[in-house]
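Participant: This is the structure, below, for whatever I ask next.
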Amino acid sequence: MSHQPIRRADYLPPDFGIDRVELEFDLEPARTLVRARLAIRRIGASDAALVLDGEDMELLGLALDGNALAADRYRLEPTRLTIPGVPDAFELVIDGAIAPAANTALEGLYISSSVFCTQCEPEGFRRITWFLDRPDVLSVFRTTIRAERARFPILLSNGNLAAARDLGDGRHEAVWDDPFPKPSYLFALVAGDLAVVEDRFTTRSGRDVALKILVEHGKEGRAGYAMDSLKRSMRWDEETYGLEYDLDVFHIVAVSDFNMGAMENKSLNVFNDRFILADPATATDLDYANVEGVVAHEYFHNWTGNRITCRDWFQLSLKEGLTVYRDQEFTADERSRAVKRIQDVRVLRARQFPEDGGPLAHPIRPDSYLEINNFYTATVYEKGAEVIRMLEALLDRDGFRRGMDLYVARHDGEAATCDQFVAAMADANGRDLSHFLRWYGQAGTPRLTLEQSHDAATGTYALTVSQRTPPTPGQPDKLPLHLPVHMGLIGRDGAEIPLRLEGENAPQGTSRVLELTEASQTWRFVGVEAPPVLSINRGFAAPVVVESSESEDDLALRMRADADPFSRWEAAQSFATRLLLAGIAAAAEGRPPPPTDAFVAALAAAFDAVEGDPAFAAELLALPGELYLAEQVAVIDVEAIHAARKALRAAVAQGLVDRLRHVRTGPPRPFAPDAASAGHRALANMALGYLSTIDGPAAAMAQYRAADNMTDRFSALAILSELDVPERTAALADFHDRHAGDALVLNKWLGLQAGSSLPDTLATVRALLDHPAFSYGNPNKIYALVGGFAGNALRFHAADGSGYAFMVDQILRLDPQNPQVASRLLKAFGRWRRFDADRQALMRDAMERIAATPGLSPDCREIVGLSLAS
Ligand code: TRP
Ligand code: ZN
């Protein structure tokens, strides 16, 4: 294990290329034999030795151009194999053995529910064979798989099936050819006994593609939505970007033990089954939306990731930020653009902003890492997508498309960099984007401040926008960034004002994108008769915090009249946040909460103005979350935050009670998973939650019993689980019994109990560790129960330190078996500096206990080191 940081500045091209790879697998769970035949060619210095990556394998033999290599011709170390004095072009055959059944890290070749599967990104291939395991080495792969037919009737790898035969002894063989050169991280193999759900898709140019989704036997009926999502994704990428699928078959395999969401291996996507399986009885509307989004995401990687891959892992956002942006746009087109934007911004603020403001802050293109697995972060993914979205705002849709076309034309078949992507965007549009590139290297969330003035005599409105990015670890001084300021002006009558900048002959619309490049800039609009109400950062065009002291009247006006629906929601969030912050201060000091009448009245008016869009109305009613609020206060007081939010919820329920009751009066609708139907359920369940603060558990219990779909049943259960009433126990027990044996559904049950604000939550979680629904071998279960508890701010940060001690025990138990999962859980301690002195001390002690543990993984060592250093 290397403990030296890897630095972006040290990048060197490889000394060798591997043009062709032939792999042969003899699969046995305990001991699998792997033969690799590599066609290697020197591209660097004539005296360079061949240095291959390899970990946790047994070397059985090495042959160079047909001659076995004696032990003195190579050097084998724990993480590499060095062969000096090799010719300029040669064939290397490596025989090795690995132990998939003993692989608990779920990296490389492992077994999930009796199915062999692989996870190679980012550095898992080096656990399968010795290789130049880096994304800028692209090879054509042929894969031969041999296994017992009875246990492993399905044998899959990337590309097209070239041959299949029986081997006579109960074993069979399949040979797969992938014609597209690819890096090793996109290699995949699956072998097992799975059910196949089949469909077809004809591409725009007439290619007939077989679509196959493989799931556990008996789960075929739950793959339909994933298949439908796949076909819609394929069509969308053709229509939006002119990008077509490029092989005759596309496989998706759902497995139950998987560290992340899904993996885009060429033509053989491997998915965490929670992002494939969905039916009305077991999946919520959120699950359906996630299936659609993740299927699209992995499919879109075929171009942004696979056909054009990353030169090195510092460029990870090149594929991830861009592909998240693409899946967000797909969902926006398929569902509601405004609602999708709101949900994405909520996630960004709850996860990425805290990361950007804490000890783990890093730019979307990091400069160094110890363990690359730690950098699959909200920053690389979600902020990365925001940076792409800003390019779209600055270049407009057509310009962005021209840039994408040029990017694909230039780099298809290559391993590219973020600089090259931005260069394609710039060149396609005749723009200089060198200043914009700072977003790739500078961490931290910029803060904008505003100054406005209005001159009635000349009808001139002046807007000054200033930017400042707070320091982050290792980056004390920040430079101004190039960002879109998407704004509009609203008159007191609620009408949008035509926007004409000084010097322009005529107004240019009512919504404009200004470009901020300096620390501070002023724009003057003419023809503005009265002081307007500013609507800024419309659509959340830039991932920034706007510090504004907007009056309550202006917020109320924008909540009902802003032409940009995102900004209407944002105004409601700002108004609520302001009240909640006052409430948090009051709760901490034992004072009564601030009056809420003005907010409740504004919310009622805004609610009335959105009639006909229940999904949006539900978002409007959702108060800012505890994580977001925690970011807004000087010292986080979890009890005060929880209490203030609860109090405002009760006030909103009282104030909107008639509207909320009305929402729940319509005739029952038959279940359909589409966005419009889901919107009705979202609003009805939001109303149910508010009303339960007035009426108690009866209505929720009735809905729980009568529900004909998981969304309504689970929403009711979630409401009950926050109430300390007998119905809670009854419903949780009933839910368990109804779904006993269905791991995915029981994960919801685990997560709900782990996230409960009730005082005995930790004791419940401890007891659930021994429940048959839980297992340390399955990441979904760990994330549901242990991760769910870590996300429960109120209980994780219990004043006596019990939550911290529990998490340390769990992390240390998991680290030896699955460091990726352990280090993700460890990130819960990252914001320790934001708490009171007592909790800081407890959290520091907890992390020091982890740091002092012998044999800690590099994954955890890096996170704990960065956290303690802050
Ligand atoms: N590339 C995957 C994606 O679509 C991410 C991923 C899947 C991954 N499995 C992983 C990353 C395991 C690290 C380790 O986003
Ligand atoms: Zn991805």
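Participant: Here are some pairs, LYS182/LYS748; LYS383/LYS748; LYS231/LYS646; LYS383/LYS646; which of them have Cα atoms lying more than 32 Å apart in this structure?
Facilitator: Working: LYS182/LYS748 37 Å; LYS383/LYS748 28 Å; LYS231/LYS646 43 Å; LYS383/LYS646 30 Å.
Over 32 Å Cα-Cα: LYS182/LYS748; LYS231/LYS646.
Participant: Could I ask something else about it? Based on Cβ point charges of +1 for Lys and Arg and -1 for Asp and Glu, what charge dipole magnitude is obtained for the range 392-462 about its Cα centre, in debye rounded to the nearest 20? Don't skip to the end; give the middle numbers.
Facilitator: Details: 7 positive and 11 negative charges, 23 e Å.
For the range 392-462, the charge dipole is close to 120 debye.
Participant: Sort ARG669, ARG844, ARG31 by heavy-atom solvent-accessible area, probe 1.4 angstrom, most to least. Working shown, then result.
Facilitator: Details: ARG669 145, ARG844 90, ARG31 110 Å².
Of ARG669, ARG844, ARG31, the descending order of accessible area is ARG669, ARG31, ARG844.
Participant: Next question. Given Cα positions, please report Rg to Rh for the range 52-184, the hydrodynamic radius being the Kirkwood one. Numbers along the way, then the final one.
Facilitator: Values: Rg = 15.9 Å, Rh = 16.4 Å.
That ratio is 0.97, to two decimals.
Participant: I would also like to ask the following. What per residue convex hull volume, in Å³, comes out for the range 371-416 when only alpha-carbon positions are used?
Facilitator: Expressed per residue, the convex hull around the Cα atoms of the range 371-416 is 78 Å³.
Participant: Under the Karplus relation 6.51 cos²θ - 1.76 cosθ + 1.60, θ = phi - 60°, what is the ordered set of whole-Hz ³J(HN,Hα) values for the range 678-684, x standing for Gly and Pro?
Facilitator: 4, x, 4, 5, 4, 5, 4
Participant: Contact order normalised by length for the range 1-153, with contacts defined as Cα pairs under 8 Å and 6 or more residues apart; what percent is it?
Facilitator: Values: 315 pairs, mean separation 47.2, N = 153.
Computed over the range 1-153, the figure is 31 percent.
Participant: Another one. Once you have a ≥ b ≥ c as the square roots of the Cα gyration tensor eigenvalues for the range 391-526, tell me rounded if a/c is under 1.5, and otherwise prolate or oblate according to whether a/b is larger than b/c.
Facilitator: Details: a/c = 3.01, a/b = 1.52, b/c = 1.98.
In terms of gyration-tensor shape, oblate.
Participant: Got a sec? What order do SER229, SER466 fall in by accessible area at 1.4 Å, biggest, i.e. largest, first? Don't skip to the answer; put the middle values down first.
Facilitator: Details: SER229 0, SER466 30 Å².
My answer, sorted largest first, is SER466, SER229.
Participant: Which Cα, out of ALA731, LEU501, TYR376, lies furthest along the positive dipole direction of the chain (beta carbon charges, K/R +1, D/E -1)?
Facilitator: Final value for the positive-end residue is ALA731.
Participant: So, one more: Among GLY527, ILE213, LEU648, pick out the residue whose Cα is farthest towards the positive end of the charge dipole of the chain, where Lys and Arg carry +1 and Asp and Glu carry -1 on C-beta, about the Cα centre.
Facilitator: About the Cα centre, the residue reaching furthest to the positive side is LEU648.
Participant: Cα to Cα, under 14 Å, and not fewer than 8 places away if on the same chain: which aspartates and glutamates meet these conditions relative to LYS219?
Facilitator: Result set, ordered by chain and number: ASP193, GLU198, ASP273, ASP279, ASP742.
Participant: Also, I was wondering about something else. Using a 1.4 angstrom probe, figure out how much accessible area the range 728-870 has per residue, in square angstrom, rounded to the nearest whole.
Facilitator: Details: 5210 Å² over 143 residues.
Value for the range 728-870: 36 Å² per residue.
Participant: Run the quick spin-label model on ARG664 and ARG204: label points 7 Å from Cα toward the beta carbon, then report their separation in nm to one decimal.
Facilitator: It is 4.9 nm.
Participant: Let me ask another. In whole Å, largest first, what are the principal axis extents of the Cα atoms in the chain?
Facilitator: Over the chain, Cα extents along the principal axes are 89, 68, 58 Å.
Participant: Another question, if that's okay. Report ³J(HN,Hα) in whole Hz for each residue of the range 362-370, in order, from the Karplus equation J = 6.51 cos²θ - 1.76 cosθ + 1.60 where θ = phi - 60°; Gly and Pro get x.
Facilitator: For the range 362-370, the Karplus-derived couplings read 8, x, 4, 10, x, 9, 7, 8, 8 Hz, x marking Gly and Pro.
Participant: Ranked from the most accessible area to the least, with a 1.4 Å probe and all protein chains present, what is the order of MET390, MET57? Walk me through the numbers on the way to the answer.
Facilitator: Numbers: MET390 0, MET57 35 Å².
Putting MET390, MET57 in descending order of accessible area: MET57, MET390.
Participant: Can you tell me how the range 370-448 classifies by the Cα gyration tensor, rounded, prolate or oblate, using a/c under 1.5 as the rounded cut?
Facilitator: Numbers: a/c = 2.07, a/b = 1.29, b/c = 1.60.
Oblate.
Participant: List the GluC sites (Glu not before Pro) in the range 534-628 that DSSP assigns to loop (not H, G, I, E or B) and whose Cβ has at most 15 other Cβ atoms within 10 Å. Which are they?
Facilitator: GLU589, GLU611
Participant: Restricting to the chain, compute how many DSSP beta bridges are antiparallel as a %, nearest 5.
Facilitator: Numbers: 102 of 126 bridges.
Of all bridge pairs located within the chain, approximately 80 percent are antiparallel.
Participant: Also, I was wondering about something else. Under the Karplus relation 6.51 cos²θ - 1.76 cosθ + 1.60, θ = phi - 60°, what is the ordered set of whole-Hz ³J(HN,Hα) values for the range 472-480, x standing for Gly and Pro?
Facilitator: In residue order, the calculated couplings are 10, x, x, 10, x, 10, 10, 9, x Hz.
Participant: For the pair ARG20/ASP674, report the inter-label distance in nm, with labels modelled 7 Å from Cα in the Cβ direction.
Facilitator: Rounded to a tenth, the inter-label distance reads 5.2 nm.
Participant: In debye, nearest 20: dipole of the range 280-391 around its Cα centre with unit charges on the Cβ of K, R (+) and D, E (-)? Write out the running numbers ahead of the final one.
Facilitator: Details: 14 positive and 17 negative charges, 62 e Å.
Roughly 300 debye for the range 280-391.
Participant: Roughly speaking, what is the centre-to-centre gap between the range 287-327 and the range 222-252 when only Cα atoms are used, to the nearest Å?
Facilitator: The distance from the Cα centre of the range 287-327 to that of the range 222-252 comes to 14 Å.
Participant: Then there is this: To the nearest 10 degrees, how steep is helix 802-814 against the longest Cα principal axis of the chain, on a 0 to 90 scale?
Facilitator: 20
Participant: Just grab the label-to-label distance for ALA9 and LEU501, each label 7 Å out from Cα along the Cβ direction, in nm (one decimal).
Facilitator: 3.7
Participant: Here is a follow-up. In debye, nearest 20: dipole of the chain around its Cα centre with unit charges on the Cβ of K, R (+) and D, E (-)?
Facilitator: On the way: 91 positive and 122 negative charges, 133 e Å.
For this selection, approximately 640 debye.
Participant: Show me the ranking of peptides 769-782, 364-377 by mean Cβ neighbours inside 10 Å, starting with the highest. If you can, show how the numbers build up before the last one.
Facilitator: Details: 769-782: 16.9, 364-377: 21.2.
Answer by packing, highest mean first, reads 364-377, 769-782.
Participant: Quick one: helix 858-869 against the long Cα principal axis of the chain, what's the angle to the nearest 10°, folded into 0 to 90?
Facilitator: With rounding to tens, the tilt is 40 degrees.
Participant: Now for a separate question. Pairs of Cα atoms under 8 Å, at least six residues apart: use those to get the relative contact order of the chain, whole percent.
Facilitator: Numbers: 1688 pairs, mean separation 71.7, N = 870.
About 8 percent, as a whole number.
Participant: Out of LEU557, ILE811, THR445, whose Cα points farthest toward the positive end of the dipole of the chain (charges: +1 Lys, Arg; -1 Asp, Glu; placed on Cβ)?
Facilitator: In the chain, that residue is LEU557.
Participant: How high is the relative contact order of the range 718-818, in percent, with contacts defined as C-alpha pairs under 8 Å that are six or more residues apart?
Facilitator: Working: 92 pairs, mean separation 22.4, N = 101.
Normalised by residue count, the contact order of the range 718-818 is 22 percent.
Participant: Still on this structure: Compute the Cα gyration tensor for the range 598-729, then decide on rounded, prolate or oblate, letting a ≥ b ≥ c be the square roots of its eigenvalues: rounded whenever a/c is under 1.5, prolate when a/b is larger than b/c in the other cases, and oblate in all that remain.
Facilitator: Details: a/c = 1.72, a/b = 1.26, b/c = 1.37.
Since a/c reaches 1.5 but b/c is at least a/b, the shape of the range 598-729 is classed as oblate.
Participant: Sticking with this one: Roughly what angle does helix 418-429 make with the longest principal axis of the chain, taking Cα atoms, 0 to 90 degrees, to the nearest 10?
Facilitator: For 418-429 against the chain, the angle is about 60 degrees.
The values are calculated or read from the model by the stated rules, or taken from the named source; none is laboratory data. Everything quoted here is computed from the prediction, not taken from an experiment. Here Cβ is always computed from backbone atoms with ideal geometry, including for glycine, and neighbour counts include all displayed protein chains. Calculation scope for accessible area: heavy atoms of the full protein, side chains included, ligands and nucleic acids excluded. Shrake-Rupley method; radii C 1.70, N 1.55, O 1.52, S 1.80 Å.
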